[in-house]
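What follows is a set of notes on a single structure, which appears directly below.
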Amino acid sequence: MIKELIESENSLLHRRIDSCSYNLNRQELSRILIDNMIHHKGVGLSANQIGISERVFVMIRDIELNEIIVCFNPQIIKTYKEEVEMEEGCLSYPDLYLNISRPKKIIVKYEDVDKNTHKLKLDGLASRIFQHEYDHIEGDNFTLLR
């Protein structure tokens, strides 16, 4: 089911999304998020970007291997001091690219589709994508980060 991206002014993009619903069909939502990320040509997509108020996003963890992960109730546990500035774009703000400085490495925790908890150290592009999508579910706008 392909959904339209909501407008950047929509309040759903500007408020923190609480934990995932208890009876959430994680399998179905994972499929919807992956299909929409691919359809909209993104490397990540949060549920609220397509009008779904759940604390979850999908991202490409490894571009070369095309490894995709879906992160339910994600958390950033630790950020390292070294930061890297890089140009970022966002599906919610087409044609807008900004130089954003973010930690190069982070440690994260999230639940998968089966409610299993994963803890990962992310570096480079995967770290950046996770932080960008995490900002979406926190209600933080990447245009204010520069």
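Laboratory data are not the source of any read-out in this text; all were calculated from the coordinates shown. Source: prediction; values computed, not measured. Neighbour counts are summed over all protein chains in view; Cβ atoms, including those assigned to glycine, are modelled from backbone coordinates with ideal geometry.
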Computed ³J(HN,Hα) along the range 47-58: with the Karplus parameters 6.51/-1.76/1.60, θ = phi - 60°, integer Hz and x for glycine or proline, the list is 4, 5, 5, 10, x, 10, 8, 9, 8, 7, 8, 10
Long-range amide H partners of Arg61, meaning residues 5 or more apart or on another chain whose placed amide H is closer than 5 Å, are Glu67, Ile68, Ile69
Please give the peptides 94-106, 27-39 ranked by average Cβ packing (other Cβ atoms within 10 Å per residue), highest first, as a rough proxy for protection. 27-39, 94-106
Mean Cα-pair separation over length for the range 24-95, i.e. relative contact order, pairs under 8 Å, 6 or more apart, %: 21
Lys/Arg Cβ at +1, Asp/Glu Cβ at -1, dipole of the range 11-144 taken about the Cα centre: which of Phe142, Asn25, Gly44 is farthest positive-ward? Asn25
Length gained if Asn99 through Tyr22 is fully extended, taking 0.36 nm per residue and subtracting the Cα-Cα distance, is 24.0 nm
Measuring from its Cα centre, the chain shows a charge dipole (+1 at each Lys and Arg Cβ, -1 at each Asp and Glu Cβ) which, in debye to the nearest 20, is 520
Counting other Cβ atoms within 10 Å of each Cβ, which GluC sites (Glu not before Pro) in the range 76-146 have at most 10 and sit in a DSSP loop? Glu82
For the pair Glu4 and Glu83, how long in nm is the line joining their label points, each one 7 Å along Cα→Cβ? 3.7
Using only alpha carbon pairs under 8 Å that are at least six residues apart, calculate the relative contact order of the chain and give it in whole percent. 27
Here the relative contact order (percent) of the range 78-146, from C-alpha pairs under 8 Å and at least 6 apart, is 26
FRET efficiency for Asn116 and Asp35 from the Cβ-Cβ distance with R0 = 25 Å, rounded to 0.05, comes out at 0.65
Ranked output for segments 57-64, 11-18 by mean other Cβ atoms within 10 Å, highest leading, reads 57-64, 11-18
Any of Lys3/Lys104; Lys81/Lys119; Lys3/Lys109; Lys81/Lys109 with alpha carbons more than 30 Å apart? Name them for me. Lys3/Lys104
Tail beyond 18 Å, pair distance distribution of the range 1-114 (Cα, percent): 56
